[in-house]
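The values are calculated or read from the model by the stated rules, or taken from the named source; none is laboratory data. Just so it is clear, the model here is predicted, and its values are computed rather than measured. As a convention, Cβ positions derive from the backbone with ideal geometry for all residues, glycine included, and neighbour counts pool all protein chains shown. For the accessible areas, the whole protein counts, side chains as well, though only heavy atoms, and no ligand, DNA or RNA atoms are used. Shrake-Rupley method; radii C 1.70, N 1.55, O 1.52, S 1.80 Å.
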Amino acid sequence: MSIKDNLDGVRERIYRALDRSGRKPGEVTLLGVSKFHPASSVLEAVAAGLTLFGENRVQEASGKFPAILAENPSVSLHLIGSLQRNKARTIVPLASCIESVDRIELLEELERRSAELGKTMDILFEYHTAEDSKSGYPDRDTLFRSLDRLRDMEHLRCRGLMTMAPFTEEPLPVRKSFRALKALQEDCARRYPELDFSVLSMGMSSDFEAAVEEGSTLVRVGTAIFGGRP
Ligand SMILES: *Cc1c(COP(=O)(O)O)cnc(C)c1O
């Protein structure tokens, strides 16, 4: 199967999951997770019409993406993996969105680096919803402290929330994790009506159809598009 065939298959499955859940085509954006795959694979996906990519490591992203972004103005990159504060200055010029904001110190550093560049950065707040994962804000109060702080930040734009479901074949814990993020989105929208929480980034190769059924608006799909990682 070529990357184009894989992409067509994933798009079809998203379309059907939207249809099943009474949602409209176009309500979900597909992000291709290109970590561990070469620039040539990214370009194959670009040729097949994919314009949004995600990387989870700053070092890999900063090796691969400057040339791709320079030559393909329609392409954008999200950082989806945990970010160390000292790597913020490297990723801010490259990414259009940081999906993995998980603490207030990182928020402050992203604001500082975005201000230096005169750039407005989209951000998602990563929330911890799965017992076996460590990433994301651990509870609502910690998240709300960051959201309170965001009010004074001129170079960051809240777009929504992100989570990683547990790594399990069992459907129930996965659904529970997606539902928790959806409920949090509703709480946040009520509590911070001036902020935008429209993006719900949830769903990967193994669970993106369930995520779409539970309200995802952004699925992060690697293996099902690019094949296995070395
Ligand atoms: C690797 C990764 C994905 C994609 O995983 P696949 O199972 O290959 O689709 C999605 N989100 C994050 C945060 C990742 O690190």
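Observations on the structure shown:
- Segment 138-216 shape via C-alpha gyration tensor axes, a/c threshold 1.5: prolate
- Note that segment 31-45 has calculated 3J(HN,Hα) couplings of 10, x, 8, 9, 4, 6, 10, x, 3, 4, 5, 4, 5, 4, 5 Hz, one per residue in order, obtained from phi through the Karplus relation 6.51 cos²θ - 1.76 cosθ + 1.60 (θ = phi - 60°); glycine and proline are x.
- Among 207-214, 222-229, the order from most to least packed when residues are scored by Cβ within 10 Å on average: 207-214, 222-229
- Solvent exposure of segment 117-230 as accessible area per residue, Å², 1.4 Å probe: 48
- Scaled against 2.2 N^0.38 Å for its residue count N, the alpha carbon radius of gyration of the chain is 0.97.
- Rounded to the nearest whole Hz, the Karplus-based 3J(HN,Hα) values (6.51 cos²θ - 1.76 cosθ + 1.60, θ = phi - 60°) of segment 197-202 follow the sequence 10, 5, 8, 10, 8, 7, with x at glycine and proline.
- In order along segment 211-219, the phi-based Karplus estimate (6.51 cos²θ - 1.76 cosθ + 1.60, θ = phi - 60°) of 3J(HN,Hα) comes to 4, 5, 5, 9, x, 4, 10, 8, 10 Hz; Gly and Pro are listed as x.
- Among the listed pairs Lys134/Lys182; Lys87/Lys176; Lys4/Lys176; Lys119/Lys176, those whose Cα-Cα separation exceeds 29 Å are Lys87/Lys176; Lys4/Lys176; Lys119/Lys176.
- When you filter the GluC sites (Glu not before Pro) in segment 76-156 for DSSP loop state and at most 12 other Cβ atoms inside 10 Å of their Cβ, you are left with Glu131, Glu154.
- Under a 5 Å amide H cut-off, with hydrogens placed 1.01 Å from N, Val101 pairs with Leu124, Glu126 among residues at least 5 apart or on other chains.
- The listed residues Ile104, Ile14 rank as Ile104, Ile14 when sorted by accessible area, largest first, using a 1.4 Å probe.
- Accessible surface of the chain, 1.4 Å probe, proportion on carbon and sulfur as whole %: 49
- Estimated D of segment 1-126 in µm² per second, where Rh is the Kirkwood radius over Cα pairs and Stokes-Einstein applies at 20 °C, 1.002 mPa s: 137
- Choice from Leu143, Leu43, Leu156 with maximal GNM fluctuation in the chain (Cα, 10 Å cutoff): Leu43
- Listed residues Ala70, Val42, Leu106: farthest to the positive end of the dipole of the chain (Cβ charges): Ala70
- Relative contact order (%) - segment 68-214, alpha-carbon pairs under 8 angstrom, separation at least six: 19
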